[in-house]
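Okay, so here's the structure we're looking at.
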Amino acid sequence: MGKTDGFLLYGRVLPSKLKTEDRIKNFEEFVHRPSEEQLNCQAARCMDCGIPFCQNGCPLGNVIPEFNDAVYHKHWERAYRILISTNNFPEFTGRVCPAPCESACVLGINSEPVTIEEVEKNIMEIAFELGFVQPKIPHYRTGKKVAVVGSGPAGLAAACQLNQEGHSVTVFEKDEKIGGLLRFGIPDFKLDKSIVERRVEWMRAEGIEFRTSVNVGVNYSAEQLHRSFDAIVLAMGSTVPKKLRIPNSDAKGIYYAMDFLKQSNKKVSGIPFSEEEIDVKGKKVVVIGGGDTGSDCIGNSNRQGASVIHQIYYKPMQPTARDKTMPWPDYPALLQITSSHEEGCDRRWSVNSKEFIKDAEGNLKGVRLVEAEWTKNEDSGAWELYTEKPGSEFVIECDIAFIALGYTHVEHRGLVEALDIHLDPKGNLIGTNKEYKTNQTKIFSCGDARKGQSLVVWAIAEGRECAEKVDEFLKQI
C-alpha cells in the first residue's frame, strides 16, 4: 500500500449529509460529495494486511486494496479499471449496498473499517466525469441470441456480460422503465434515477436491446420467447410479498410496501399510474417490518408529510456491537439506524401484530399489538421460544399501514408456469448449484428469482456467474 501507516494517521470519516429538516423537503440524494483529498485519506487507511478479508466479504470479490491504493495515488483511471473488472455497476452498489466488505475489513477488528463503499461510489463518479467510462462495443457478434427476462441488477449484469461475449441480447421488462428494483423499488434519495438511466443508455450504446412494457407470458407468449432465442435467462426477482394473516386485513388503508414505493417512484419521475393513489400526507402511518424496505417506506412517508410514523419489529432490538455469536469477519446482525430513521420515526421492538382495527366504513383506524418475550440461544445468538407477555396488548392508532415483511418467491403465474420451470421447496426457480440451469434446456435462472430475496450486490454476482454458464452453453450448440 502506498501509505502503510495511513490507518494510524487518519480516522474513519464519512461524507456529510444535508440536514434532516432540509432533505425531507424533496426526494433528491443528500450525501455531499467528498473532496479528492478526503478520498485519498480514507483510501490511505487501507492496510497492507496480507490477507484482504474484505474481498471475501464482498459477493463480487472486488479487488479492494488495489483500488484503494490507486485512489491514494490519485490514479483514477487505474482505480476505475480495477473496480469494473469485478463489478458492472459500482455506481449502484456504492449507494445501496450494506457493505459486507467493511464488516470483513481487517482494520475493523480493533478500529473502524475503511470507508470502502464511499470510495467505490466516488471512483465511479469521477470516472464518468473524466471520461473513462465509455461504451464498450463488442468487436464481433457470435450470431447467437439471448433473452433476459427482468431488468433488475441480476438481469442487467447478465445482459452486460453476455453482450461483451458477442451474443445479441434482448432484455424484456414488464414495467415502462428499465431497472427493476433499482428503478421502482429503491427511492430516489438513495439512488437517483438519473444514475440508473445513465447506465442503461451506456448499455444500449453497447448494443443491448431493451423492450419495456413487455410482460412475457402475458402480452408476449412464452412460446414465442422460446422459439426466438438460443438461450433464456430468467431474472424476474422475488416479487410475491409475505402476507400478514391477522383479522381485518381487508381494511382500507393497508398496503404492501412495494406498492407504495413503486408508486412513489413513479410520482417522483412523473410516470402516470392507474392504481389507487397512496397519499400519506397528514396521516398516521405504521410500518410493519424492520428491513430496508420498511426503512424506505419511512423515508418516503416523511417526504410525503406523514404526521407520525411508527415502525414495528417482531423480534428484539439487535445489539449495537459484535458479540461471541458474531465473530469477525462474519457479517454481524447489528442494530441498523438508517438515514430514514434519522429523519423521524418511533421504533418498537418485540411486538407482534394481532389485529387491524377498522371503522364501520371499513377504513383502517389502528393496529392491535402485544408485547413479545423471547429466549436467546447464547451459542448461536438466535432468538427462540417466542411467547406473548400476558396483559401487554395495546393499540397504535393509524390511517395507513405498510406491510414490509419481505418476499416469499418469484411470481409463478404466467411465464414460469408456461415454461414449466421446476421450483425448489421455497418456491424459487431451480438453478442447479453453480450451473444456473433450470430443468428446461437453454433456460437459466439467476438473482432473487433463483436465490430468494437478497442484496443488490448478490444479484449482480449471480447475473455475472449465470452469464458465464450461458456463454459456455452457447459455445456448445
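The values are calculated or read from the model by the stated rules, or taken from the named source; none is laboratory data. Source: prediction; values computed, not measured. Note that each Cβ is placed from the backbone with ideal geometry, even for glycine, and that neighbours are counted across all protein chains shown.
Descriptive notes on the structure:
- Which numbered condition ASN110 fails, given (1) surrounded by fewer than 19 Cβ atoms within 10 Å (Cβ to Cβ); (2) touching an Asp or Glu at 6+ places or on another chain (Cβ under 9 Å); (3) farther than 23 Å from VAL410 by Cα: (2)
- Qualifying residue in the stretch 248-255 (condition: closer than 30 Å to GLU371 by Cβ, in contact with a strand residue (DSSP E or B) (Cβ under 9 Å, 6 or more places away or on another chain), β-branched (Val, Ile, Thr) and buried (at least 16 other Cβ atoms within 10 Å of the Cβ)): yes
- From ILE278, ILE298, ILE309, residue being in a helix (DSSP H, G or I), closer than 14 Å to ILE400 by Cβ and assigned by TED's automatic domain parsing to the domain that holds ARG347: ILE298
- Taking the stretch 117-127 as the range and being buried (at least 17 other Cβ atoms within 10 Å of the Cβ) and either among the acidic types (Asp, Glu) or farther than 24 Å from VAL13 by Cβ (or both) as the test, the residues that pass are GLU117, GLU118, GLU120.
- Meets criteria (among the hydrophobic types (A, V, I, L, M, F, W, C) and within 26 Å of the chain's Cα centre (by Cα)) for VAL416: yes
- Reported count of residues in the stretch 29-80, each being of a type in the set (A, V, I, L, M, F, W, C), more than 17 Å from ARG95 (Cα to Cα) and assigned to a loop (DSSP other than H, G, I, E, B), is 5.
- Among residues of the stretch 347-394, those that are in a strand (DSSP E or B), of a type in the set (A, V, I, L, M, F, W, C) and closer than 14 Å to ILE288 by Cα, counted: 5
- Which listed residue is surrounded by fewer than 20 Cβ atoms within 10 Å (Cβ to Cβ) and either in contact with a helix residue (DSSP H, G or I) (Cβ under 9 Å, 6 or more places away or on another chain) or under 24 Å from PHE260 (Cβ atoms) (or both), from SER194, SER151: SER194
Let's see how each residue does on (1) touching a Leu at 6+ places or on another chain (Cβ under 8 Å); (2) buried (at least 21 other Cβ atoms within 10 Å of the Cβ); (3) not basic (Lys, Arg):
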site: ASP22; (1), (2), (3): no, no, yes
site: ARG33; (1), (2), (3): no, no, no
site: LEU39; (1), (2), (3): no, yes, yes
site: CYS49; (1), (2), (3): yes, no, yes
site: GLN55; (1), (2), (3): no, no, yes
site: GLY61; (1), (2), (3): no, no, yes
site: HIS73; (1), (2), (3): no, no, yes
site: CYS97; (1), (2), (3): yes, yes, yes
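- Remark: SER111 matches the filter, which requires a residue to be hydroxyl-bearing (Ser, Thr, Tyr) and in contact (Cβ under 8 Å) with a residue 60 or more places away in the chain.
- Scanning the stretch 128-148 for residues that are touching a strand residue (DSSP E or B) at 6+ places or on another chain (Cβ under 9 Å) and either surrounded by 21 or more Cβ atoms within 10 Å (Cβ to Cβ) or of a type in the set (Ser, Thr, Tyr) (or both) yields THR142, VAL146, ALA147, VAL148.
- Single condition PHE473 does not satisfy, out of (1) of a type outside the set (D, E, K, R); (2) in contact with a Gly (Cβ under 8 Å, 6 or more places away or on another chain); (3) in a helix (DSSP H, G or I): (2)
- Here the condition is being more than 28 Å from VAL285 (Cβ to Cβ), in contact with a strand residue (DSSP E or B) (Cβ under 6 Å, 6 or more places away or on another chain) and modelled with pLDDT under 95; of LYS434, LYS451, LYS376, it holds for LYS376 alone.
- Of all the criteria given as (1) charged (D, E, K, R); (2) in contact (Cβ under 8 Å) with a residue 40 or more places away in the chain; (3) closer than 28 Å to MET258 by Cα, the one not satisfied by ASP346 is (2).
- Scan of the stretch 9-20 for residues that are surrounded by fewer than 12 Cβ atoms within 10 Å (Cβ to Cβ) and closer than 23 Å to ASP69 by Cα, ordered by number: LEU9, GLY11
- Elements of type helices (runs of 4 or more DSSP H) contained in the stretch 90-130, each with 2 or more residues being in the same structural domain as TYR10 (by TED's automatic domain parsing) and among the acidic types (Asp, Glu): 116-130
- Out of GLN263, GLN224, sole residue that is over 20 Å from ALA449 (Cβ atoms), of a type in the set (S, T, N, Q) and not assigned by TED's automatic domain parsing to the domain that holds GLN453: GLN263
- Residues of the stretch 212-238 that turn out to be surrounded by 15 or more Cβ atoms within 10 Å (Cβ to Cβ) and outside any loop (DSSP other than H, G, I, E, B), as a count: 9
- Matching entry among ILE396, ILE421, ILE400 (being buried (at least 18 other Cβ atoms within 10 Å of the Cβ), modelled with pLDDT of 95 or more and assigned by TED's automatic domain parsing to the domain that holds CYS446): ILE421
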